[in-house]
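These notes concern the structure reproduced below.
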Amino acid sequence: MNLQDNYNGALQQPTYSGFGATSTVHDVIKGIDLQGKTAIVTGGYAGIGLETVKAFVAAGAKVIVPARDVRKATNNLQGVNNVTIEEMDLMDPASIDRFAERFLAAHDRLHILVNNAGIMWVPLQRDKRGYESQLATNHLGHFQLTAKLWPALQKAKGARVVNVSSYGHQMAPFNFEDPNFTNRAYETLQGYGQSKTANNLFTVELDHRGKAFGVRAFSVHPGSVNGTDLGRVAPMALFQQMGTHDENGNIKPDVAAKLKNVEQGASTSVWCATNAALNGIGGVYCENTDVAELDEGNIPHNYDDPLSLRGVQPYSVDAHNAQKLWTLTEEMTGISFPVN
């Protein structure tokens, strides 16, 4: 059995999966049987999270959706069978613990964990610990959740953890000196970028530690997706600065035509969670329903061409950074996460 990991991007090369940027969840779930499997999808009640849940259910899985807004989740998941909605807020450590305790009391195995929920480009907000909200929600909360659910992941003997990251990781490496903008001016793009870099580094180290126990981890860039509410509070000026929206705040038609729909946006998460071609691979950053290339300055990027926004930065799959972030995250959350 191949137990190689993705330290320093060792496995970061396309597999020629047979899928691509326009593949949908329906394409990648075809022929996959998840009967008897249990999945958790955070934020699984809107956007690509909702499509991910529907795909798992269609393949026979039982899905638990932890939700900050239970009413919205109930409305959005109406008519979707085999789904349980549970209350959980990624900015509230006590609520993560309560959710995990309830889950472990009712289930001994967890086959798929999709850490999908996230916030993007928000104004400066802090949780009760004083931690910046994008880091707290996108990384710290999911680290805590994964740590608390570890016994069930281990018992599944072949579990997969999918961390939904973003091309946005290219906006910033992780700032180990000042992750919470205590001593530097707050820039929301930098905050978002480092939180997504953290997703990638967490994936690399979780896979390195978890592979001996049959737990593999993947990080995912869904692509530029139309129809999600991820950027709902982002200032329009940021989109205009990137050239995607006109002076009236409308998305440019040629840009809109290149965006993915939610069924396409969810395909890489579902592929990483379920496809047998990834057996023996882990810790990799994936996009367009395949493993991404390492971006060593060889990929031209243009914000008004979403398909050019690809590749993974070496700093976000760096072994030293991954180990350092794991230790720092344990300190920040007060959680010891020994993988054994």
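The values are calculated or read from the model by the stated rules, or taken from the named source; none is laboratory data. What you are looking at is a predicted structure, and each value in this text was computed from that prediction instead of being measured. Using ideal geometry, Cβ is built from the backbone for each residue, glycine included, and neighbour counts are taken over all protein chains shown.
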* To do: Read through the list (1) farther than 22 Å from Cys272 by Cβ; (2) touching a residue at least 24 places away in the same chain (Cβ under 8 Å), then give the number of the only condition that Leu113 fails.
  => (1)
* Does Leu201 qualify as being closer than 25 Å to Pro314 by Cβ and under 17 Å from the mean Cα position of the chain (by Cα)? -> yes
* Asked: Pick from Arg102, Arg109, Arg71: which is over 22 Å from Gln134 (Cβ atoms), of a type in the set (D, E, K, R) and in contact with a Lys or Arg (Cβ under 6 Å, 6 or more places away or on another chain)?
  -> Arg109
* Asked: Can you tell me which of Ile112, Ile119 is over 30 Å from Phe181 (Cα atoms) and under 15 Å from the mean Cα position of the chain (by Cα)?
  -> Ile112
* Could you tell me which numbered condition Val284 fails, if it satisfies all but one of (1) touching a strand residue (DSSP E or B) at 6+ places or on another chain (Cβ under 7 Å); (2) modelled with pLDDT of 75 or more; (3) more than 20 Å from Val114 (Cβ to Cβ); (4) of a type in the set (A, V, I, L, M)? => (3)
* Asked: Does region 31-42 contain any residue that is assigned to a loop (DSSP other than H, G, I, E, B), within 17 Å of the chain's Cα centre (by Cα) and buried (at least 23 other Cβ atoms within 10 Å of the Cβ)?
  -> yes
* What's the number of the condition Gly297 fails, among (1) more than 17 Å from Asn200 (Cα to Cα); (2) in contact (Cβ under 8 Å) with a residue 40 or more places away in the chain; (3) of a type outside the set (A, V, I, L, M)? -> (2)
* Could you tell me whether any residue of region 310-332 is out of contact with any Asp or Glu (no Cβ under 6 Å at 6 or more places or on another chain) and modelled with pLDDT under 95? => no
* To do: With the condition kept exactly as written, say whether any residue in region 67-80 is surrounded by 15 or more Cβ atoms within 10 Å (Cβ to Cβ) and either aromatic (Phe, Trp, Tyr) or under 28 Å from Gly283 (Cβ atoms) (or both).
  => no
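Yes/no per residue for (1) farther than 30 Å from Gly36 by Cα; (2) surrounded by 14 or more Cβ atoms within 10 Å (Cβ to Cβ); (3) at pLDDT 95 or above:
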| position | (1), (2), (3) |
| --- | --- |
| Thr188 | yes, yes, no |
| Tyr192 | yes, yes, yes |
| Val204 | no, yes, yes |
| Ser219 | no, yes, yes |
| Val255 | yes, yes, no |
| Leu259 | yes, yes, no |
| Cys272 | no, yes, yes |
